[in-house]
1. Would you calculate the separation in nanometres between label points at ALA322 and THR231, each defined as 7 Å from the Cα along the Cα-to-beta-carbon direction?
2. If you take the square roots of the eigenvalues of the alpha-carbon gyration tensor of the chain and sort them as a ≥ b ≥ c, do you get rounded (a/c under 1.5), prolate (a/b over b/c) or oblate?
3. Assuming a ≥ b ≥ c are the square roots of the Cα gyration tensor eigenvalues, decide whether the range 116-228 counts as rounded (a/c under 1.5), prolate (otherwise, with a/b larger than b/c) or oblate.
4. By how many degrees, between 0 and 90 and to the nearest 10, does the Cα long axis of helix 152-169 differ from the longest principal axis of the chain?
5. Give me the extension gain from GLN172 to ASP73: residue separation times 0.36 nm, minus the current Cα-Cα distance, reported in nm with one decimal.
6. Give a quick list of trypsin sites (Lys or Arg not before Pro) in the range 216-273 that DSSP marks as loop, anything other than H, G, I, E or B, with at most 15 other Cβ atoms within 10 Å.
7. State whether the range 377-519 is rounded, prolate or oblate according to the following rule on the C-alpha gyration tensor (a ≥ b ≥ c being the square roots of its eigenvalues): a/c under 1.5 gives rounded; otherwise a/b larger than b/c gives prolate, and the remaining case gives oblate.
8. For Cα pairs less than 8 Å apart in space and 6+ apart in sequence, what is the mean separation divided by the residue count of the chain, i.e. the relative contact order in percent?
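The values are calculated or read from the model by the stated rules, or taken from the named source; none is laboratory data. Quick caveat: nothing in here was measured; it's all calculated off a predicted structure. Counting neighbours? That spans all protein chains shown, and the Cβs are built from the backbone with ideal geometry, glycine included. In case anyone asks, the SASA skips ligands and DNA or RNA and just uses the protein heavy atoms, side chains included. Shrake-Rupley method; radii C 1.70, N 1.55, O 1.52, S 1.80 Å.
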Amino acid sequence: MKEQREAAGSRMELSSLLHDLHLLSSEKPLPSPPLPPITELLSRLQEKLIGASSDSETNSLIGHMERLFQTADPDWLFSPASANEEEGWAELQSAYRSLTEAVIGCAALPLCEDNVSSVMAAAYQSVPGRAVRACSALRVLLGALGNLERTDLLLTVAPPVCVFAVTHFQDQPWTSSSSRAAARSLQEALLRAGGWSDSAHLLMGDRSPGEEGRSRAIVGGVLDVLQPQLTKDSWQRCEAVKLVFAWTLLQVTRPSLSPYLPCLLPPSLLLNDHYRPENCMLGVRCLHHIVLNTPAADLRQFNRAEVLYQALFKHLYTTEAAVIQLVLSCLLDLLLVLEKPPSSLAPSSARRKPCRHDNVLCLVLTHMEAEHKVPLRHVYASALPLYIDRMGVAVCRHLQRVERVVLGYLEIRDPPEETDRLKMLEVLQKTTRAAWPRMERRVDVLLRCLLRLLLDVSSDSELSDSVRLKLMNETSLCIKLLDGCSYGKLQPLLQQLDSSCCSPEVLGCLATVTVTAER
């Protein structure tokens, strides 16, 4: 009897809800009329949400939607109305997808009028409140869908819900603390509904082989939602699109990324080519992720790797330190896709032809010689040891430029950490080890610079003891390597130094230089 009373009460509440939506006639008692097909109700609710003329009307409709999925019988909510089961499920999926998009549309972000201007912060004032209400309704829907055995409906609504949640859980002008919390809660509800462990699992599906594991991946659906807004003419009109795209891409790793490369590469290149540094940096991060998570054969196909190289190489002419830092790191990995590293090539009697590694290193060294901006000097100095390592003995082609750069950077103080000087000492060590037969003729110039550096560092009161000790040890190692290259010819010169020309600390460092030469 109790269950019958509860069922009757739920039916009366549902009938009242349908009456409020004008889907039942008010002439008959509320419990008596038969329920309309769920697709008809969803379509009607969608139309009302789209046509709502005020926030109060929208709030009322969203409230009706929440009560609908909390009180209605699941057998009625999620059963196809058509006699043909396949057609009925397709119709049901379309109806739920359309309703979900209508709810999301209630919190849509305002668009820019053109591709140059930005939306004023004041235009976003009403968005957080609308987003909170939309998140609440979608959480209720996901809770109902999560109880179904079939996942068709859940996988249908998951992509737009995921895009909506990602749009609003980031700290941006169109979000508030409450809307971000609501969006994070919505994302968690989506993961729970489908049994996904995290966002990467949600996008890529199960790692198990076979179609069943791949069928639970929604990255394709998310890209389908974003694709219309990611064209050359439209991506700048909505500030959130690039962020959602980048978030999606950075969650997808190999081997799941490669099949979607045709969809992921063009938007990444669009971002990379933009004149605003923040967009350019986002694009470079996306391209670097693609390089790291795509098989080399797929990148070389259709000349993609060469396109990426040209798109990144041009950024080496910019003066934005943050951009160059990302580009140099990305190029280091991309060059391995395009060609074998010079350090791995076997000796050859023929003269080695310049390659892309040479082109990048040559341009970097050229810029380093004349660079006076401290942030750019830091970026170049940090990247140079990695490129010298990659070149190996092939650095001989660039010895003259490397020498000028090392000498120039060692002369300039870089307190308090002296990062640039330490990196240049590392460059000198790597170069000496790789190209030692060609270093003997440069010993005199380099030794004078290194001895001057020892004297300067030993008397610099602004340096901490640890930094001073590290600088002096690395300098001593450089002198030791140069002594080996000159077959011990530095020994007589070093023995002439005494306390009359340098401090005991410097003499102690030079005493560590032994006759045995490292090569």
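1. The answer from the label model is 3.1 nm.
2. Prolate, because a/c is 1.5 or more and a/b exceeds b/c.
3. It is prolate, given that a/c is not under 1.5 and a/b is the larger ratio.
4. Taking the Cα atoms of the chain, the angle to 152-169 is about 50 degrees.
5. So the extension gain works out to 31.7 nm.
6. Sites meeting the loop and neighbour criteria: LYS232.
7. Oblate shape, in that a/c is at least 1.5 and b/c is the bigger or equal ratio.
8. 7 percent
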